[in-house]
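These notes concern the structure reproduced below.
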Amino acid sequence: MRYLIISDLHSNLEALEAVFAAAAGAFDKVLCCGDIVGYGPEPNEVLDRLIASGATIIRGNHDRAACGIDDADWFTNSARDAVIWTKAALTPSHRDFLFRLPPGPKRSPDGEFQLVHGSLMDEDEYLFDALSAYENLRLASVPVTFFGHTHMQCAVALSAQDEFSVVAGDEENPPDNMWVHLEKGVRYLINPGSVGQPRDGDPRAAYAIYDSRANFVKLKRAEYDIPSVQAKMRRVRLPEFLIERLALGG
Ligand code: ZN
């Protein structure tokens, strides 16, 4: 089976369309690690597009806040302003859809992979550093765990001999267009990056292709029309900081 793995779409329809176009023909099924809404200008449209793709979806922290499961007290100011705007912009049926989304970890029926938003233990934990990635890999009961939340495309691995390595996402191994060959007995933690608001210095929409039969994951980027999204954000008065960071990828 070939999967398109996406995360952190953040109401950015142009970026999502660009990913679907770039990945066309390369996948059979879509998997989403959460944060469909928040930050961007088109939450309902992005939800419609994702639902139409038949994706398997888990929720993220922005999805919880936007449908009222949580308050956004611990969000940064600009993120909170965007949550308030998103809450008001969502139609009742879209809000209800977010409300019913399951949390991770969500395991595949064949036990080959799982989806989490933050980490295995906590959907809100940011997996930035090697130690927490290592601890999560030791806990993983399936070969491949896909995660999101940090908006940084990367892949790390733990061998059967307990050796930890960064496969993609550090200076020596930039993730762009990287093929990760999945070896037997090795566990992987892979972040496809953010579709709608990358923060790893590359403003292009990020995604991954996972081929469970050929045993590889490809980390990819797709160009999209950033000024068009920024114009839509200005029109609905989303915070300027969020508008500018799209072009920076940071
Ligand atoms: Zn996010």
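The values are calculated or read from the model by the stated rules, or taken from the named source; none is laboratory data. All values reported here derive from a predicted model rather than from experimental measurement. Positions of Cβ are backbone-derived with ideal geometry, glycine not excepted, and every protein chain shown enters the neighbour counts.
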> Give me the pairs: first residue in segment 34-45 and near the ligand (Cβ under 8 Å from one of its atoms), second residue in a loop (DSSP other than H, G, I, E, B) and aliphatic (A, V, I, L, M), beta-carbon distance under 6 Å, and six or more apart or on different chains, which are they?
Replying inline: Gly34/Ile58
> Of all residues in segment 4-30, which are surrounded by fewer than 23 Cβ atoms within 10 Å (Cβ to Cβ), part of a strand (DSSP E or B) and under 15 Å from the mean Cα position of the chain (by Cα)?
Replying inline: Val30
> Looking at Ser132, Ser119, Ser159, which is the one that is farther than 30 Å from Phe75 by Cβ and not basic (Lys, Arg)?
Replying inline: Ser159
> If Arg199 satisfies every condition in (1) touching a His at 6+ places or on another chain (Cβ under 6 Å); (2) of a type in the set (D, E, K, R); (3) away from the ligand (no atom under 16 Å from the Cβ) but one, which is the exception?
Replying inline: (3)
> Within segment 44-92, which residues are surrounded by 24 or more Cβ atoms within 10 Å (Cβ to Cβ), of a type outside the set (Val, Ile, Thr) and over 19 Å from Pro103 (Cα atoms)?
Replying inline: Ala82
> Within segment 197-239, which residues are buried (at least 23 other Cβ atoms within 10 Å of the Cβ), closer than 23 Å to Leu31 by Cβ and touching a Pro at 6+ places or on another chain (Cβ under 8 Å)?
Replying inline: Ala205, Ala206, Tyr207, Ala208, Leu219
>> Considering only residues that are acidic (Asp, Glu) and modelled with pLDDT under 95, which ones fall in segment 38-72?
In response: Asp70, Asp71
